[in-house]
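Working notes, structure below.
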Amino acid sequence: MTRQATVRHLLMCRPHHYDVRYSINPWMEPADGADGDLAVRQWVRLRELYLDLGHKVEEIEPVEGLPDMVFAANGATVVGGRVLGARFRHPERAAEGPAYLDWFRAHGWDDVLDPVHVNEGEGDYLLAGDRLLAGTGFRTDPRSHAEAAEYLGVPVTPLRLVDPRYYHLDTALAVLAEGEVMYYPAAFAPESRELLADLYPEALLATDEDAAVFGLNAFSDGYNVVLPEAATRLARELAGRGFHPVGVDLSELLKAGGSVKCCTLELRDR
Ligand code: ARG
């Protein structure tokens, strides 16, 4: 099978004010903190990798006091040039919503919605072909799903997450190409597992070990799949399916419960 990479337009946020200062998911240990300088070096490598792969990368200015702002995927959901803003579940991250919305408004994105319901952007909304897979259970309010469907003009498929370690959809599932995904079944409620098995009978299923190193928190351009380097079994499986896996080390960001995809927001202009 020949696979085709397509050029993506991405938004990232340098982890200049990054640290682990509070705990809103089981990965975060404020007593241990994180190495901010190393986080920046690891993030810079990810950004350079995207540029080397031919993608267009924009940057939003990090805001002091918002250590999780590096996780740009949570900042919005952008489909067909329309920007659905984020509204965070936890007060610690609340100010990130307006910060991202301001960036969009200042950069010529006119179709912007300040949402009513809690949704954590592409943490829980993943576009798969012409359907939006929508995680819920921990962060995004299920009432947001109708808001997203109406504003973005795409059908929304809700998926319920049940394992607190995999609190965002993008920690448990990655879209690899139009009709292709990889996911960790145990992160989903039984009815959602059934739905996924129906929708994607050929899906690449992750093991406990793949999921635990955040192997599903991956970015795919249709050919290159950037994922945590520790996810070696997933990388082999991806290569076997004709993808080009590229491993990266984001150990410092994993201390906040994030990795490749969390650091990457896709701007779908059209
Ligand atoms: N510490 C952040 C939180 O718990 C990590 C967010 C990771 N981002 C993501 N897209 N999964 O909210």
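Brief remarks follow.
- The lone exception for residue 230 - which of (1) within 16 Å of the ligand (Cβ to nearest atom); (2) small (Gly, Ala, Ser); (3) over 17 Å from the mean Cα position of the chain (by Cα) it fails: (1)
- Close contacts from the range 250-269, counting a first residue that is polar (S, T, N, Q) and a second that is near the ligand (Cβ under 10 Å from one of its atoms) and at pLDDT 95 or above, with Cβ to Cβ under 8 Å and a gap of 6+ residues or different chains, come to 259/214; 259/217; 259/253; 264/72; 264/73.
For every residue, the table says whether it meets (1) closer than 15 Å to residue 267 by Cα; (2) in contact with a helix residue (DSSP H, G or I) (Cβ under 9 Å, 6 or more places away or on another chain).
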{"position": "15", "(1), (2)": "no, yes"}
{"position": "22", "(1), (2)": "no, yes"}
{"position": "65", "(1), (2)": "no, no"}
{"position": "68", "(1), (2)": "no, yes"}
{"position": "77", "(1), (2)": "yes, yes"}
{"position": "84", "(1), (2)": "yes, yes"}
{"position": "97", "(1), (2)": "no, yes"}
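- Candidates 253, 173, 238, 205 - the one that is over 23 Å from residue 54 (Cα atoms) and more than 16 Å from the chain's Cα centre (by Cα): 205
- Unmet criterion (only one of (1) within 28 Å of residue 110 (Cα to Cα); (2) of a type in the set (Asp, Glu); (3) surrounded by 15 or more Cβ atoms within 10 Å (Cβ to Cβ)) for residue 19: (1)
- Residues within the range 28-61 that are more than 26 Å from residue 109 (Cβ to Cβ) and part of a helix (DSSP H, G or I), tallied: 9
- The condition of being in contact (Cβ under 8 Å) with a residue 60 or more places away in the chain and within 18 Å of the chain's Cα centre (by Cα) holds for residue 122.
- Counted residues, the range 150-182 - those being within 16 Å of the ligand (Cβ to nearest atom), part of a strand (DSSP E or B) and open to solvent by 10 Å² or more (accessible area, probe 1.4 Å): 1
- Complete set of residues in the range 218-251 that are more than 22 Å from residue 124 (Cα to Cα) and charged (D, E, K, R): 229, 233, 236, 237, 241, 249
- Just one of the numbered conditions (1) away from the ligand (no atom under 16 Å from the Cβ); (2) closer than 27 Å to residue 152 by Cβ; (3) of a type in the set (Asp, Glu); (4) at pLDDT 95 or above is not true of residue 269: (4).
- Meets criteria (of a type in the set (Lys, Arg) and under 15 Å from the mean Cα position of the chain (by Cα)) for residue 165: yes
The values are calculated or read from the model by the stated rules, or taken from the named source; none is laboratory data. The structure displayed is predicted, hence computed values, not measured ones. Because the Cβ atoms are built from the backbone with ideal geometry, glycine has one as well, and the counts that use them run over all protein chains shown. Areas reflect the complete protein model, heavy atoms only, side chains present, ligands, DNA and RNA absent. Shrake-Rupley method; radii C 1.70, N 1.55, O 1.52, S 1.80 Å.
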